């Protein structure tokens, strides 16, 4: 804190130190007393602390801490931190443990849910919010509503995979949900970029232009991930030294994500594809038992630590959002609309064509309730141009994310038991 006071703003070292110390303390408190899943527990405690600060402010009690927390949060570019920092590590770590052979059996199911489901959900959420928000006294243009639909429709692989591990879902259902979550964020980011470009230019892109952008971003990201994964695989296969092999995977993630951004292809999709290749072909053909053990331990630790830090930041971020009566009504509507869109675009098709999707009965309920939103949605909302519309979208996004993690995340285990318990 002394460094923050003397310089007027926290340095990068201050930010890293505070994030890690606060996360470690909250993780300890959760494990010792609260005993929720780590990501949910640390977020709940952080959110509770933030709400207590807001309550003290409402009572006009000066406790001298909120100004430091606010200056700390404002010094963090949350969008840049996640999209250019954490996301590459988290997506690679998540994909590293997905069984590609099993995922291949559900490739078209995952493709339909990730591509068509995300596009349709964006449209449903956008037009629904455009119709509903004026009833709550909130004005938002159709284009901004569609932007909200694009950023809130993808399920967050970071949130989904972290919570599903302990939910006890059948393996094939868990595989489809995890696969959808790993790929639909890339589709959502591309849709968001298209709509944001439309907002900036004021011109509607042609179908051909939109298709070229989608092919370059998504197709280019997948192709780059294949090349990156193959090169990393060959390097790992040529040696047997676990320290160097772990370092090679780390270099592939950091360097590969940076290069993808310079090539203007989807970094998230590249990390997913690279992680799938290293976690499957690399694990089976290029690694010794010792290397597999150390790579698994390293990336599991990275995944757990960064997940915890991310959800602590989400819990603290509420201090920077201004909520009014109409905004809170709009947030309640956004939660209902997001769940309804997920039901219409994912739950209904899977429920009606369960045999085609080759999933247990009741899977559509788990797919709807297990479609958690997380830090990616918040980061995209924060990347919007400054203005009153941005503040509205940020508030709507934050409330949907908190509801998703705190309510859906805590109850997904019971939904799995009730919906598909007989199939397990």
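Just so it is clear, none of the values below were taken in a lab; they were calculated from the coordinates. In this text, all values refer to a predicted model and were calculated from it rather than measured experimentally. Cβ sites come from the backbone with ideal geometry, for glycine too, and all protein chains shown count toward neighbours.
Quick one: check the C-alpha center-to-center distance for segment 349-424 versus segment 215-229, whole angstrom.
After rounding, the separation between the Cα centres reads 27 Å.
Would you mind classifying segment 296-391 by shape? Square roots of the alpha carbon gyration tensor eigenvalues, ordered a ≥ b ≥ c; an a/c under 1.5 is rounded, otherwise it is prolate if a/b is larger than b/c and oblate if not.
Here segment 296-391 falls in the oblate category.
Order 278-289, 381-392, 88-99 from most to least packed using the mean count of other Cβ atoms within 10 Å.
88-99, 278-289, 381-392
Over the chain, what is the relative contact order in percent, taking alpha-carbon pairs closer than 8 angstrom and at least six residues apart?
For the chain, the relative contact order is 26 percent.
Viscosity 0.692 mPa s, temperature 37 °C: give me the Stokes-Einstein translational D for segment 78-423 in µm²/s, with Rh taken as the Kirkwood radius over C-alpha pairs.
For these conditions, the coefficient is 161 µm²/s.
Per the helix-only calculation at 222 nm, which mean residue ellipticity applies to the chain, given -39500 (n - 2.57) for every DSSP H run of n ≥ 4 and division by its residues, nearest 500 deg cm²/dmol?
The per-residue figure over the chain is -22500 deg cm²/dmol.
Just want the ordering: 32, 414, 216, from fewest to most Cβ atoms lying within 10 Å of their own Cβ.
Ranking 32, 414, 216 by Cβ neighbours within 10 Å, fewest first, gives 32, 414, 216.
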